[in-house]
Amino acid sequence: MAVTPPDTLLAEILDFLASTPTPETIIAFKPSDRLERRLSYLLDQNRQAALTAEERGELDECLRLNHFMNMLKIRARQKLADAAPLLAEDEEAELQALRYLSDDALWTIARERMAPEAQARTRTLMDKNSSGAITPEDYQELTRLVERGQRLMLRKSEAAAVLTRRGHTVSAQDLAARLLLV
């Protein structure tokens, strides 16, 4: 029986699932900063057509696992929806409105990314926060950026769920298609 290496996304997900997470913690799950940096590197290498065969396999595995976690988060959200309102009324209305959009519009939303400048600023503020050097103003900005990112992920997940209900196959590669072509 193969042993999963400790420094992989799969290992992090397995450890997370073995902890018997609640739907709320499933929705909040994020890979470690180190693995996020590795994925960012792999995506950059892919854009530059500079991936080795081993890195291509690693990227494909990460994309499959990302898709798995997005689907798990959708299921967790559905489970919580039966228990109590999870979202503010305006957020729920925004997600409900996605059902009326065209498939093309939904694919655009499902593939949407936060602007690189906002991603970089979020990383900078997270580093400051981790080192204890964040100011109250920076902390407020970080909170706004994180909330913006969470709202984006929620829209993306719901768009993918609507596409799936309409009979589309939504794979990690489909969702990353725009990233890979940039």
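The values are calculated or read from the model by the stated rules, or taken from the named source; none is laboratory data. None of the values given here were measured: they were computed from a predicted structure. Reconstructed Cβ throughout: ideal geometry from the backbone, glycine too, with neighbour counts over all protein chains shown.
Among the residues of segment 108-121, the ones that are within 15 Å of the chain's Cα centre (by Cα), surrounded by 16 or more Cβ atoms within 10 Å (Cβ to Cβ) and either in a helix (DSSP H, G or I) or not charged (D, E, K, R) (or both) come to 2 in all. Is there a residue in segment 126-138 that is more than 30 Å from GLN48 (Cβ to Cβ), of a type in the set (Ser, Thr, Tyr), in a helix (DSSP H, G or I) and at pLDDT 90 or above? No, every residue in segment 126-138 fails to be more than 30 Å from GLN48 (Cβ to Cβ), of a type in the set (Ser, Thr, Tyr), in a helix (DSSP H, G or I) and at pLDDT 90 or above.
The set of residues in segment 55-70 being surrounded by fewer than 15 Cβ atoms within 10 Å (Cβ to Cβ) and either among the polar types (S, T, N, Q) or under 11 Å from the mean Cα position of the chain (by Cα) (or both) consists of PHE68 alone. Residues being exposed (fewer than 14 other Cβ atoms within 10 Å of the Cβ), charged (D, E, K, R) and either free of Cβ contacts under 8 Å to residues at least 60 places away in the same chain or not assigned by TED's automatic domain parsing to the domain that holds MET71 (or both) are represented in segment 124-136 by at least one member. Of the set (1) outside the structural domain of VAL162 (by TED's automatic domain parsing); (2) of a type in the set (Asp, Glu); (3) in contact (Cβ under 8 Å) with a residue 24 or more places away in the chain, all apply to ASP44 but (3). ALA50 satisfies every condition listed in (1) under 15 Å from ARG151 (Cα atoms); (2) free of Cβ contacts under 8 Å to residues at least 12 places away in the same chain except (1). Scan segment 45-54 residue by residue and report those that are exposed (fewer than 12 other Cβ atoms within 10 Å of the Cβ) and under 18 Å from PRO116 (Cα atoms). Of everything in segment 45-54, just one residue is exposed (fewer than 12 other Cβ atoms within 10 Å of the Cβ) and under 18 Å from PRO116 (Cα atoms), namely GLN48. When you check GLU91 against the structure, is it assigned by TED's automatic domain parsing to the domain that holds ARG165 and more than 21 Å from ALA176 (Cα to Cα), yes or no? Yes, satisfied.
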